[in-house]
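Working notes, structure below.
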Amino acid sequence: MSEDKLPSRSENYSEWYNQLVLKAELADYAPVRGCMVVRPYGWALWENIQQGLDRRFKETGHVNAAFPLLIPKSFLEKEKEHVKGFSPELAVVTIGGGEVLEEPLIVRPTSETIIGYMYSKWIKSYRDLPVLINQWGNVVRWELRTRLFLRTLEFYWQEGHTAHSTADEAEEETRRMLNVYADFAINDAAVPVVPGMKSEKEKFAGAVRSYTIEAMMGDRRALQSGTSHFLGQNFAKAFDIQFLDWNNELQHVWTTSWGFSTRFVGAIIMTHGDDQGLILPPKVAPIQVVIVPIYKNDAEKGRVLETVTRIEQELKNFRIKIDVREEVTPGYKFNDWEMRGVPLRIEIGPKDVEKGTVALARRDRPGREGKSFVPQAQIAAQIAEMLAEVQSSLLERARSFRVANTHDVTSYDELARVVQDGWAYGWWCGSAECEAKVKEETKATTRCIPLDQPEGSGKCAVCGETASQKVIFARAY
Ligand SMILES: [Zn+2]
């Protein structure tokens, strides 16, 4: 193991991340620059993320559908902010079946336009509203600087697109889905995100208002982890989505869109990981418990595996893996599963068989501190309890880390210093000039205007003018 150890997280965070993604077999580089191959272990993690979100989407009344990958180029041009925002990142298909196409096709960077087009056909009356559709799919944005999961040319995500008869209802939907994202991130992934609003400068191209959940990574940078947009009537007007209201008058609908992507795999890695590798929250971990049998000879092996098989049966409701590899030592296996972030490890040797116990090791507490011996009786109940404890302690640790590295700032000097190695939380007058000055001089951007705001007003940390809202400034991925 030692010859291919991970780089230290504190010394070279960026290399630690890159190598961990490869070594844990989450993803690999594709032959096309900037694309990624999601490997089975990474995809299993994504599937658990999908399930956690999809369940919540359905509980809030949404249904899934699938829209095409290719979009006529003219569609993108119908909403002028939208096309301005996405033009530099578009992949365009000009030849199909050996012929130059009459109209070039865009590989979708997002689907507001094509879905807007379809909604204009489907929505005729107030009785057709609301429309609450989500799609799971992939999109392409021609990014120049890419990193596995965090920013890739093609990525996987879900995009929800809804249409409503009133602005209030659409705004309510936008906030509801932001809360769904926050609930998932906090309770399933143990990532303590801050929900808030994006500034004018940082909002989605074509939106009236954008909301985001922002997470602090282990290097104290921010990662935008999910966004929800109130689109007003911008796309409804561009695509002529109209309905007859209760008074039989024609009106444009109000739409929303919201997205959550494989980028969040990066958030999980960078929120919880340590020098040994990944630490996966039990609720999303592809493998929750790994059992490593320990024996020196065939006689011991027979007895140990008999116990292992019985315990495997009792733990069948968990995502479990028995590591029966013969070619590597138990020590190697311990390191290997630690690197892959499995939350709990059970070791069973001849002594454990004799005593009716097992050794249990928690991934979130390395070494002796995380090790305990528990009786084999009622093992399932004990594992359930321990997994819940790991889940909540990961969230607590990440939350304390965020709190400890978020600092109130009252002056520009303070702000500029804090954002070099943490989040700055301070009053902001809302002007684009102050925002631009911070970005230019410190590389930090406004991450979000947290929904949870203090009473009253203060002085802008940048210009000193009166300000009515507090904002988080941070350097971000
Ligand atoms: Zn200001």
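Residues Ala44, Ala66: which one is assigned to a helix (DSSP H, G or I) and either touching a residue at least 60 places away in the same chain (Cβ under 8 Å) or out of contact with any helix residue (DSSP H, G or I) (no Cβ under 7 Å at 6 or more places or on another chain) (or both)? Going through Ala44, Ala66 in turn, the sole match is Ala44.
The selection criterion, being hydrophobic (A, V, I, L, M, F, W, C), part of a strand (DSSP E or B) and more than 26 Å from the chain's Cα centre (by Cα), does not hold for Ala377. Tell me, yes or no, whether segment 198-206 has at least one residue that is modelled with pLDDT of 95 or more and either within 27 Å of Val38 (Cβ to Cβ) or among the aliphatic types (A, V, I, L, M) (or both). No: zero hits.
For segment 180-207, a tally of residues being touching a strand residue (DSSP E or B) at 6+ places or on another chain (Cβ under 7 Å) and part of a helix (DSSP H, G or I) returns 3.
Out of all the residues in segment 444-455, is one or more within 13 Å of the ligand (Cβ to nearest atom), within 29 Å of Val191 (Cβ to Cβ), in contact with an Asp or Glu (Cβ under 9 Å, 6 or more places away or on another chain) and of a type outside the set (Phe, Trp, Tyr)? There is at least one residue in segment 444-455 that is within 13 Å of the ligand (Cβ to nearest atom), within 29 Å of Val191 (Cβ to Cβ), in contact with an Asp or Glu (Cβ under 9 Å, 6 or more places away or on another chain) and of a type outside the set (Phe, Trp, Tyr). Met36 satisfies every condition listed in (1) free of Cβ contacts under 8 Å to residues at least 40 places away in the same chain; (2) surrounded by 15 or more Cβ atoms within 10 Å (Cβ to Cβ) except (1). The residues in segment 392-416 that are over 17 Å from Leu223 (Cα atoms) and in a loop (DSSP other than H, G, I, E, B) can be counted, and the count is 3. Within segment 361-372, one or more residues are farther than 20 Å from Ser210 by Cα, away from the ligand (no atom under 16 Å from the Cβ), free of Cβ contacts under 8 Å to residues at least 60 places away in the same chain and surrounded by 18 or more Cβ atoms within 10 Å (Cβ to Cβ). Cys434 passes every criterion in (1) free of Cβ contacts under 8 Å to residues at least 40 places away in the same chain; (2) within 10 Å of the ligand (Cβ to nearest atom); (3) outside any helix (DSSP H, G or I) apart from (3).
Quick one: is Ile287 surrounded by fewer than 24 Cβ atoms within 10 Å (Cβ to Cβ), more than 20 Å from Ala398 (Cα to Cα) and either modelled with pLDDT under 95 or of a type in the set (Val, Ile, Thr) (or both)? Yes, satisfied.
Please verify whether Leu153 is within 19 Å of Thr255 (Cα to Cα), out of contact with any helix residue (DSSP H, G or I) (no Cβ under 8 Å at 6 or more places or on another chain) and among the hydrophobic types (A, V, I, L, M, F, W, C), treating the condition exactly as stated. Against the criterion (within 19 Å of Thr255 (Cα to Cα), out of contact with any helix residue (DSSP H, G or I) (no Cβ under 8 Å at 6 or more places or on another chain) and among the hydrophobic types (A, V, I, L, M, F, W, C)), Leu153 does not qualify. Each residue in segment 225-242 was checked for being crowded, with 22+ Cβ neighbours inside 10 Å and assigned to a strand (DSSP E or B), and 7 of them qualify.
Has segment 387-399 got any residue that is surrounded by 14 or more Cβ atoms within 10 Å (Cβ to Cβ) and within 14 Å of the ligand (Cβ to nearest atom)? No, the conditions are met nowhere in segment 387-399.
Scanning segment 302-357 for residues that are free of Cβ contacts under 8 Å to residues at least 24 places away in the same chain, more than 29 Å from the chain's Cα centre (by Cα) and closer than 17 Å to Leu387 by Cα yields one hit, Glu312. Mind checking whether some residue in segment 71-84 is in contact with a Gly (Cβ under 8 Å, 6 or more places away or on another chain), modelled with pLDDT of 95 or more and not in a helix (DSSP H, G or I)? Scanning segment 71-84, I find no residue that is in contact with a Gly (Cβ under 8 Å, 6 or more places away or on another chain), modelled with pLDDT of 95 or more and not in a helix (DSSP H, G or I), so the answer is no. I'd like the full set of residues that are near the ligand (Cβ under 9 Å from one of its atoms) and surrounded by 21 or more Cβ atoms within 10 Å (Cβ to Cβ), limited to segment 461-475. If the condition is that a residue be near the ligand (Cβ under 9 Å from one of its atoms) and surrounded by 21 or more Cβ atoms within 10 Å (Cβ to Cβ), then Ala461, Val462, Ala467 are the ones that fit. Listed by first and then second residue, the pairs linking a residue in segment 400-423 that is within 19 Å of Val191 (Cα to Cα) to a residue that is surrounded by fewer than 13 Cβ atoms within 10 Å (Cβ to Cβ), with Cβ atoms under 9 Å apart and 6 or more places separating them unless they lie on different chains, are Asn405/Asp421; Gly422/Ala404.
So which residues in segment 417-431 are more than 14 Å from the ligand (Cβ to nearest atom) and either modelled with pLDDT under 95 or assigned to a loop (DSSP other than H, G, I, E, B) (or both)? Correct list: Val419, Gln420, Asp421, Gly422.
The values are calculated or read from the model by the stated rules, or taken from the named source; none is laboratory data. Being a predicted model, the structure only gives us computed values, none of them experimental. Note that each Cβ is placed from the backbone with ideal geometry, even for glycine, and that neighbours are counted across all protein chains shown.
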